[in-house]
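What follows is a single structure, written as structure tokens, with notes after it.
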Amino acid sequence: MEGISNEAASLAGHWGLGKLIVFYDDNHISIDGNTAIAFTEDVSARFDALGWHTIWVKNGNTDYDSIRAAIEEAKSVTDKPTLIKVGFSPAFLRVMYCDSPRLCHLSESEQSSPRYAFFPH
């Protein structure tokens, strides 16, 4: 996390901003590959130390009930901000930055799959 955002998170914890809910996308991917090459900290422990309530949803790909439950739990905590760390598999949803599905080399069935989102660049 960048320095300024860590300082803002620290201030939110210090001020006890109980209506603040932040989602952390725990997909283990960086621009250079897997985050294990340069990032090993325990994000939840860091936010606990900053005075936040933390929740971990292990399977953000399909466990929507756990995500909803985490949001409800976060709303019930009124004396501190909440971090909801959600585990995602990067391969579960591929976001293609291209002009059309055909340019992304997807089959007909892949083009109609809800697992793919297309955003022109």
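Rule-based calculations on the coordinates, nothing more; no lab input. Predicted model, so just to flag it, every value in this text is computed and none were measured. Note that we place each Cβ from the backbone using ideal geometry, even for glycine, and neighbour counts take in every protein chain shown.
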Review point. If you bin the C-alpha pair distances of segment 1-74 every 10 Å from 0, what whole percents do you get?
Key: 16, 45, 34, 5
Review point. Taking the Cα-to-Cβ direction at ARG46 and at ARG68 and moving 7 Å from each Cα, how far apart do the two end points lie in nm?
Key: 3.2
Study note, to complete from the structure: Most packed first (mean Cβ within 10 Å per residue), the peptides 69-81, 52-64 order as 52-64, 69-81
**Study point:** FRET efficiency, 1/(1 + (r/R0)^6) with R0 30 Å, evaluated for ASN61 and LEU11 via beta carbons
**Key:** 0.40
Revision key, fill the gap. Taking Lys and Arg as +1 and Asp and Glu as -1, residues besides ILE55 with C-beta under 13 Å from its C-beta add up to 0
